[in-house]
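Each reported figure results from applying straightforward, stated rules to the coordinates on display, with no laboratory input. Being a predicted model, the structure only gives us computed values, none of them experimental. As a convention, Cβ positions derive from the backbone with ideal geometry for all residues, glycine included, and neighbour counts pool all protein chains shown.
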Amino acid sequence: MEALDLAKKVIATNLQLEQDQLEADTEILGNFPQFNSLTIVGVIGSIEDELDCVIDDEDITTDIFTTVGDLATFIESLSN
């Protein structure tokens, strides 16, 4: 699965949205009132499950949740 598609999937699933509502430039932080610390835990857990990896706490910053594209870039970095 492409990183952008995975980013859309995990955001849509955790925020109970349709994936077609999300684009690379869709802002996450401040755009969805239901996006909070519990959502972040869910998103990170979903990524870990999909990629069969463990994400270190120090790698989780607000920068990766600015836009869907930023989250996709983070997901790509996990593959390298």
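Brief remarks on what is shown
- Note on the chain: Cα-only Rg and Dmax are 11.2, 32 Å.
- The order of the peptides 52-63, 12-23 by mean Cβ neighbours within 10 Å, most packed first, is 12-23, 52-63.
- In the chain, the calculated helix contribution to ellipticity at 222 nm averages -16000 deg cm²/dmol per residue, counting -39,500 (n - 2.57) for every DSSP H run with n ≥ 4.
- Label-to-label distance, nm, for residues given as Asp49 and Glu27 (7 Å Cα→Cβ offset): 3.0 nm
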